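Read through the structure below, which is laid out as structure tokens, and then see the notes.
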Amino acid sequence: MTASTPPHLPKARLVAVGGGKGGVGKTFLSANLAHTLARAGYKVVAVDTDIEGPNLHTWLGVKAPRASLADFVSGRESRVENLLEETPHHGLGLLAATHGNLAAAQPSAARRAELLAALRELPCDFVFVDCGAGAHPANIDYFLVGDEGLLVLHPEPTSVENTYTFIRAAFYRRMQLAMQKHDVRECVREAMDQRNDRGIRTPLDLLRAVEEMDPEEGQRFAATMKTFRPRVVVNEVASTEDIKLGFSVRSVCRKFFGIEVDYVGYINRDRAVRDAILLRKPLTEVHPESDAAVYLQRVAGKLVEAARNAGSSA
Amino acid sequence: MKPLSEMTHYDVLEIQAGSPADEVERAYRIAQTTWAADGLATYSLYEEGESESIRERIELAYQVLSGPDTKAEYDRRLEPGETEMDFEEVDLDLQFVDETVAGPSVDLVPAEIEAFDDAADEGGDTEWTGARLRRARLRRGIDLEKIAEVTKINPTYLQYIEQDQFEDLPAAVYVRGFVVSLARCIGLESGQVADGYMARLREHTPEKRRPPGRHARR
């Protein structure tokens, strides 16, 4: 069954896949969503930004990447398209994080900006940016720059905790960048500390504080807040309760943070996933009929829909 | 974006103003799980006692909105525009989770529905049989008992509906109401489902047998 080629998108859509905790399935999701869309006929590039623990190439069946992001960081190669690696999968390219350089450094903020601008210019439909674990500024920047930010969540307290930490960190970073006046920026910076002297505990508190300091910045704050809309995927669900966690997290973000998150889907726990990684192939290739693959396809469908909507409103 | 103190009861339960009783019920159950004292979704966010105020607001909202009289009174007093919060429609394939009142665990795709293409089985103008309704329900992991509890319909009738046991169902006018409630609970287009189901029921019920139906005494 070959899918007919869907109409291509006018411009590459950047989908960042992040989340607080390691091991929740960020790379699994990046690889398999990328593969699903490539299989559907889109041109896709998957980018591994996890310099400290690169894995994406393994999911995509590339044993030893020839070129990598590290070459871009070190300045050995300045054109991102020259770093793209072919994968065994039609329509799916890879930009690996590093190849065997344990001392590979994270790119500077300026280099990151260059990289992201270059990714947007790639001649493809979707670019998946697999972010590393943790709320490190580099990870947050990769996450924030996406047209779409997917947060992967495990139905466990540790992951829930780190997800909120990540959302909070990403939110404050975004707000700090959006504010123009020095004292307001300073206030946002102070608010990042949960035990700040101003008594600001939540983004909603901060909004009120900024409105009081400077109505114009307050308006900007509220407008930026509305555009901050992470999308949550719950991975490895094993019960209805687990599935409902996504809705609960959405509700908590709304009531506690005043932040809207979308719940775009869940992937159930499935032995087929382990089978696939042992074969170093995407699940969606090895077991396309498995439950997990079907749920992945649903999430992929949402991404296509969002990209098309964004394209038609632009 | 409103602080809790400015939210209406509907805002608190995250449903549209004026939502009917079954939706209030469903939203309340979800809110209960979400904000439970040791719930997973609020883990790490609150210091001792902090989510208490939210739980109190949820209880209050439910108390008011679950009583037909208190709800009617509240709806009357509710100023238009007071609930400008926008609760977007959840996408179809996720909706079922929202609709799941309690639901069984683990068995997300029972064998009975595996053979069917979800979208095709629930869309189009294929006629609505009891079996198809049952698959739609299973797909969402909703227990028949739960539907009975929320809709106050005798679970035996719900079973008869799913088994197309037309001869054991009460008068058509009641059955239509049951099918509408059932479809709504599952999150299907209730009018369309009821029309389809009732057309079949009429076909399979000999004219002379109607209206008596042995459960509908007048």
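The values are calculated or read from the model by the stated rules, or taken from the named source; none is laboratory data. Just so we're clear, the structure is a prediction, and the values are computed from it rather than from any experiment. No Cβ is skipped: glycine too gets one built from the backbone with ideal geometry, and neighbour counts run over all protein chains shown.
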* Of the residues that sit in region A:231-280 and are within 7 Å of another protein chain (Cβ to nearest Cβ) and among the β-branched types (Val, Ile, Thr), which one is surrounded by the fewest Cβ atoms within 10 Å (Cβ to Cβ)? -> A:Thr240
* Complete set of residues in region A:218-232 that are without any contact (Cβ under 8 Å) to a residue 12 or more places away in the chain and either under 30 Å from A:Lys302 (Cβ atoms) or touching a helix residue (DSSP H, G or I) at 6+ places or on another chain (Cβ under 7 Å) (or both) -> A:Gly218, A:Ala223, A:Thr227
* Structure fact -> Those residues of region A:154-187 which are within 16 Å of the chain's Cα centre (by Cα) and within 10 Å of another protein chain (Cβ to nearest Cβ) amount to A:Ser159, A:Asn162, A:Thr163, A:Tyr164, A:Thr165, A:Arg168
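For A:Arg254, state whether it is farther than 30 Å from A:Ile200 by Cβ and either over 19 Å from the mean Cα position of the chain (by Cα) or assigned to a strand (DSSP E or B) (or both).
Considered against the rule, which asks whether it is farther than 30 Å from A:Ile200 by Cβ and either over 19 Å from the mean Cα position of the chain (by Cα) or assigned to a strand (DSSP E or B) (or both), A:Arg254 comes out as no.
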* Among the residues of region B:34-44, is any touching a residue at least 40 places away in the same chain (Cβ under 8 Å), facing another protein chain (nearest Cβ under 10 Å), part of a helix (DSSP H, G or I) and surrounded by 15 or more Cβ atoms within 10 Å (Cβ to Cβ)? -> no
* To do: Look at B:Gln192 and say whether it is at pLDDT 85 or above and more than 26 Å from B:Ser19 (Cβ to Cβ).
  => no
* **Subset of region A:1-44 [surrounded by fewer than 21 Cβ atoms within 10 Å (Cβ to Cβ), at pLDDT 95 or above and of a type in the set (Val, Ile, Thr)]** => none
* Asked: Which residue out of A:Thr224, A:Thr284 is crowded, with 20+ Cβ neighbours inside 10 Å, more than 10 Å from chain B (Cβ to nearest Cβ), within 22 Å of A:Glu148 (Cα to Cα) and more than 18 Å from the chain's Cα centre (by Cα)?
  -> A:Thr284
* Filter pass, A:Ala307 being buried (at least 21 other Cβ atoms within 10 Å of the Cβ) and more than 12 Å from every other protein chain (Cβ to nearest Cβ) -> yes
* Asked: Are any of the residues in region A:145-152 of a type in the set (Asp, Glu) and not assigned by TED's automatic domain parsing to the domain that holds A:Ala113?
  -> no
* Scan region A:70-96 for residues that are at pLDDT 90 or above and within 17 Å of A:Arg111 (Cα to Cα) and jot them down. => A:Arg79, A:Val80, A:Glu81, A:Asn82, A:Leu83, A:Leu95, A:Ala96
* To do: Would you list the helices (runs of 4 or more DSSP H) that sit entirely within region A:41-144 and hold 3 or more residues that are in contact (Cβ under 8 Å) with a residue 12 or more places away in the chain and under 24 Å from A:Gly20 (Cβ atoms)?
  => A:56-59, A:109-120
